[in-house]
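The values are calculated or read from the model by the stated rules, or taken from the named source; none is laboratory data. What you are looking at is a predicted structure, and each value in this text was computed from that prediction instead of being measured. Positions of Cβ are generated from backbone atoms using ideal geometry, with glycine treated the same way; all protein chains shown enter the neighbour counts. In case anyone asks, the SASA skips ligands and DNA or RNA and just uses the protein heavy atoms, side chains included. Shrake-Rupley method; radii C 1.70, N 1.55, O 1.52, S 1.80 Å.
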Amino acid sequence: MERLTEKELNDIIKEMKENGKYQEYQDMILDDYEDHKVVYKLDPDEMIALAYKNGTTPYKMREYYDWHEMNLLVEEEDGIIN
């Protein structure tokens, strides 16, 4: 899994806040969770920065999904687990 250095992460997030993309990507991650039950392995800032750096959206970066947590959410929603 590709990881960003602390400097890369901070530089990308700073650039995104300056160009107005940061809030847009934060909203994408929130929508992914609420609409699709997608949980990411990385913290939100790193997921946002990686998606932006790769010119895509977090939702398309399936290799960063936390499938175990997503399955638990779906099972809980379906009443399979309490």
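Of note:
- Any hit, segment 65-74, residues being modelled with pLDDT of 95 or more, closer than 16 Å to LEU4 by Cα and crowded, with 16+ Cβ neighbours inside 10 Å: no
- Whenever a residue of segment 39-57 is modelled with pLDDT of 95 or more, its partners that are assigned to a helix (DSSP H, G or I) and among the small types (Gly, Ala, Ser), lying with C-beta atoms within less than 7 angstrom and at least six residues away or across chains, give the pairs THR57/ALA51.
- Scanning segment 28-38 for residues that are open to solvent by less than 70 Å² (accessible area, probe 1.4 Å), of a type outside the set (A, V, I, L, M, F, W, C) and at pLDDT 95 or above gives a single hit, ASP32.
Yes or no, residue by residue, for (1) open to solvent by less than 70 Å² (accessible area, probe 1.4 Å); (2) in contact with a strand residue (DSSP E or B) (Cβ under 6 Å, 6 or more places away or on another chain); (3) part of a loop (DSSP other than H, G, I, E, B); (4) of a type in the set (Asp, Glu):
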{"residue": "LYS7", "(1), (2), (3), (4)": "no, no, no, no"}
{"residue": "ILE13", "(1), (2), (3), (4)": "yes, no, no, no"}
{"residue": "GLU24", "(1), (2), (3), (4)": "no, no, no, yes"}
{"residue": "ILE48", "(1), (2), (3), (4)": "yes, no, no, no"}
{"residue": "TYR52", "(1), (2), (3), (4)": "yes, no, no, no"}
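- Check on ASP35, part of a helix (DSSP H, G or I), among the acidic types (Asp, Glu) and over 16 Å from the mean Cα position of the chain (by Cα): no
- Cβ separations smaller than 6 Å between residues 6+ apart or across chains give the following pairs from segment 62-77 residues that are within 16 Å of ASP35 (Cβ to Cβ) to residues that are open to solvent by 40 Å² or more (accessible area, probe 1.4 Å) and outside any helix (DSSP H, G or I): MET70/LYS37; LEU73/LYS37; VAL74/LYS37.
- Matching option when the condition is without any contact (Cβ under 8 Å) to a residue 40 or more places away in the chain and over 10 Å from the mean Cα position of the chain (by Cα), among GLU18, GLU2, GLU8: GLU18
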